[in-house]
1. Which members of the range B:211-243 meet the condition of being of a type in the set (Ser, Thr, Tyr) and either within 14 Å of another protein chain (Cβ to nearest Cβ) or under 25 Å from A:Thr174 (Cβ atoms) (or both)?
2. Restricting attention to the range A:142-159, report how many residues are within 12 Å of chain B (Cβ to nearest Cβ) and open to solvent by 40 Å² or more (accessible area, probe 1.4 Å).
3. Filter the range B:196-210 down to residues that are open to solvent by 30 Å² or more (accessible area, probe 1.4 Å) and either among the charged types (D, E, K, R) or away from chain A (no Cβ under 12 Å) (or both), then give me how many there are.
4. Just for strands (runs of 3 or more DSSP E) wholly inside the range B:45-123: which have at least 1 residues that are more than 9 Å from chain A (Cβ to nearest Cβ) and surrounded by 16 or more Cβ atoms within 10 Å (Cβ to Cβ)?
5. Is the range A:9-25 home to any residue that is within 14 Å of chain B (Cβ to nearest Cβ), modelled with pLDDT under 90 and in a helix (DSSP H, G or I)?
6. So which residues in the range A:168-188 are without any contact (Cβ under 8 Å) to a residue 60 or more places away in the chain and at the interface with chain B (Cβ under 10 Å from one of its Cβ atoms), if there are any at all?
7. Taking B:Asp133, is it within 27 Å of B:Pro16 (Cα to Cα), surrounded by fewer than 15 Cβ atoms within 10 Å (Cβ to Cβ) and modelled with pLDDT under 90?
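The values are calculated or read from the model by the stated rules, or taken from the named source; none is laboratory data. These numbers come from a predicted model, not from an experiment. Note: ideal-geometry Cβ built from the backbone for every residue, glycine included; neighbour counts use all protein chains shown. Areas reflect the complete protein model, heavy atoms only, side chains present, ligands, DNA and RNA absent. Shrake-Rupley method; radii C 1.70, N 1.55, O 1.52, S 1.80 Å.
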Amino acid sequence: MSGPTFFGEVLPLNSRAGDVDADFETEEPANFSVSVDPEMPKKLDSCKLLLLAHGEHACCYIKAAKMETNHVADIVVASTFESAGAYRLEIESSSSGYLLALCQREIPSEYAYEVIELLMTSFTASPPEKCLILCSKATVLHRGEAAKSNISILSSTNAGSDWSGVTSVPYLTTPNTIDGLPAAALTFCELHKMSAVVMTSWYQSTGHSDLVQAARSFDAARKLSTVGDYLLASSAVSENLAKLHPKNPQYFA
Amino acid sequence: MLLTSDDEASLSNYAPNMTLILPAISVGNVGQLAVDLLISSLDLELIAHSPANKLTLPLVGPSAYIQPGSKQLSTAVEVYSNKEKTLLVVQQRSDFISHARKEFLDSLVEWIVKMKIKRVVLLSSAFLSSQLDSFLQCSEVEKTRRFLSKAGSAAFPSVDNFEQQMVSSRFDDPKSLRGAGISTSLFQRLDERNVAMLALVRLCNEGEDNVADAVAVVNLLNDVISLKPVDKEWKRPISWMDL
């Protein structure tokens with residue numbers, strides 16, 4: 001199917017309907033496998049906070065803001081075709097009882113829920129008490145009214161009194177949605193009646209200064225309950241963000 | 001699998017009197033738009049976010065139906081019901097994970113049979129451009145093809161001009177439905193299990209006014225099972241503000 005665009009070009013139209021509907025009896029198996037590496041990591045007895053950082057901006061912020069952690073394991077989404085690279089979710093833990101999951105490179109949505117199920121069950125003896133998920137989206141994707149702030153949140157039904165400060169951060173407005181790994185995490189928490197918040201930073205462009213600005217926006221997470229207890233002071237975070245390597249934002253200069 | 005065992009238990013006494021309405025992910029999202037109109041207009045309440053969410057591409061957002069200020073979530077697969085528990089309506093916002101369609105179909109059929117749901121309505125659509133010429137020239141009403149399972153006649157006595165066989169997409173079959181997603185597979189499975197099922201399949205194309213197609217579908221459904229007074233308008237949900 002194709003159609004004209006605003007400027008007269010004829011381009012393929014996105015459609016949720018296939019040209020020929022699939023024969024489900026002969027459906028292909030998944031192209032990727034999801035596993036924990038190493039297979040049997042040591043579990044925390046309890047986890048007060050699971051902090052999931054998804055995408056470049058969130059990972060930048062967390063690397064600048066986190067206190068001392070130890071690497072526990074990776075959740076690996078690996079292709080059955082060797083030519084495709086694996087996706088990794090790096091899991092770290094701290095002695096103060098929080099778990100950190102860093103996903104620099106976005107995991108395909110098809111495997112997001114499977115990854116989240118492993119994340120929630122493989123590293124702690126009991127489910128995390130609270131989950132905070134950080135992610136970002138381009139401002140041009142904001143629908144409806146213009147975003148009043150460069151930060152917005154969405155919370156699970158059970159995220160009530162244990163997230164004091166949540167009302168000070170603007171709520172995501174209809175008809176905006178979140179997809180991918182952050183959506184899988186919030187869905188899991190909703191289905192399992194867990195307390196969770198997704199915080200989205202809206203960025204203007206992929207330039208370096210906007211990356212730093214978007215990362216810095218996540219500092220609003222300090223307003224939420226005791227999240228600040230697990231992060232370095234704002235001044236230290238700002239200093240660290242200022243050292244971000246302009247050509248390689250995964251690293252600090 | 002549509003509901004947890006706790007939610008199932010709360011509905012089990014009502015199920016033999018319930019009509020289950022669900023959309024197919026299909027051309028122009030007509031089924032999903034139609035379900036949006038039903039939920040928004042019939043004062044249905046959210047009873048569960050479905051465990052079937054794990055079989056779909058993840059999606060969350062604020063409620064599609066409640067004004068700002070509510071903290072109710074929308075997820076990819078939700079189940080709504082009316083206060084009298086005669087209607088069970090499923091909304092599905094994103095497509096299945098590619099290797100999970102069969103699992104969803106098999107478990108949905110088993111669930112419908114286990115719960116002894118009285119009757120099932122599937123709201124769907126198919127590409128108009130690949131239909132017989134006779135359909136291209138048909139009236140607006142005739143653009144919605146009606147399919148009744150063998151057990152469906154008694155459960156939907158007012159449906160006329162219906163077909164009893166749904167053919168999946170094959171280029172050599174002029175009656176086949178292309179772009180209708182899981183419609184044919186679900187219809188055939190439920191027919192084999194003697195479940196009363198009505199499938200309304202709107203013939204349309206992407207990029208046309210698919211909202212009008214959705215309204216046509218729910219109007220026809222309303223003629224069949226009287227959901228609301230005919231002169232009352234369908235209420236558009238707030239999530240449609242960009243449409």
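1. Selection gives B:Ser239 alone.
2. Total meeting the criteria: 5.
3. 3
4. Correct list: B:45-49, B:77-81, B:87-92.
5. yes
6. A:Tyr171, A:Leu172, A:Thr173, A:Thr174, A:Pro175, A:Asn176, A:Thr177, A:Ile178, A:Leu186
7. no
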